[in-house]
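The values are calculated or read from the model by the stated rules, or taken from the named source; none is laboratory data. None of the values given here were measured: they were computed from a predicted structure. When we count neighbours, we look across all protein chains shown, and the Cβ atoms used for this are built from the backbone with ideal geometry, even at glycine. With ligands, DNA and RNA removed, areas are computed over all heavy atoms of the protein, side chains included. Shrake-Rupley method; radii C 1.70, N 1.55, O 1.52, S 1.80 Å.
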Amino acid sequence: EGGWQTVADKLRELAVQAGAVIATGRKTEQIAVGSGKVRSIVLSDGTPVEVSAVIAAVGPDEACRMVEGSEHMSLGSWKAQSRPIYAACLDVALRCVPRPEHLFAVGMDQPLYYSNHSASVTLSDNGSYV
């Protein structure tokens, strides 16, 4: 009910409780792999950090740039096979929903998606459905 920031804050809190170190203001320059395993990352200020796993929330070009020899790994294959997708979003707010029993729809013949997110969470100050 507090927006996406509450989800990010909770994730951060749980990660720190589990022993994660949050490094802000620096980005990852390199992901070092050896013997088929992630070994470390190197931050933009040159700081090396030993790690056992990496979640890279970046596209294939950026991920491959950070991993030396990625063209010989499944990561390189993923990059070669990937194609960009484009999306547009239109948020609509209504005072009443014409068919409240219809909460979700996915287009089978066209790439369309619909969801009444207000069915499970408050998204407006005035009771509108989004």
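Largest first and in whole Å, the equivalent-ellipsoid semi-axes of the range 82-130 read 25, 14, 9, each the square root of five times a Cα gyration tensor eigenvalue.
Mind pulling up the Rg/Rh value for the chain? Radius of gyration and Kirkwood radius, both on Cα. Ratio of gyration radius to Kirkwood radius for the chain: 1.10. Helix 4-17 and the longest principal axis of the Cα set of the chain meet at an angle near 40°. The loop-placed trypsin sites (Lys or Arg not before Pro) in the range 29-102, going by DSSP, that have at most 14 neighbouring Cβ atoms within 10 Å of their Cβ come out as R95. Taking each DSSP H run with n ≥ 4 as -39500 (n - 2.57) and averaging over every residue of the chain yields -6500 deg cm²/dmol at 222 nm. Per atom type, the chain shows carbon and sulfur on 57% of its accessible surface, probed at 1.4 Å.
Loop-located GluC sites (Glu not before Pro) across the range 44-130 with a Cβ neighbour count of 10 or fewer within 10 Å are E101, with loop assigned by DSSP. Loop-located chymotrypsin sites (Phe, Trp or Tyr not before Pro) in the range 77-125 (DSSP state not H, G, I, E or B) with no more than 13 neighbouring Cβ atoms inside 10 Å: Y86. Separation of the range 1-43 from the range 50-113 is 20 Å, based on Cα centroids.
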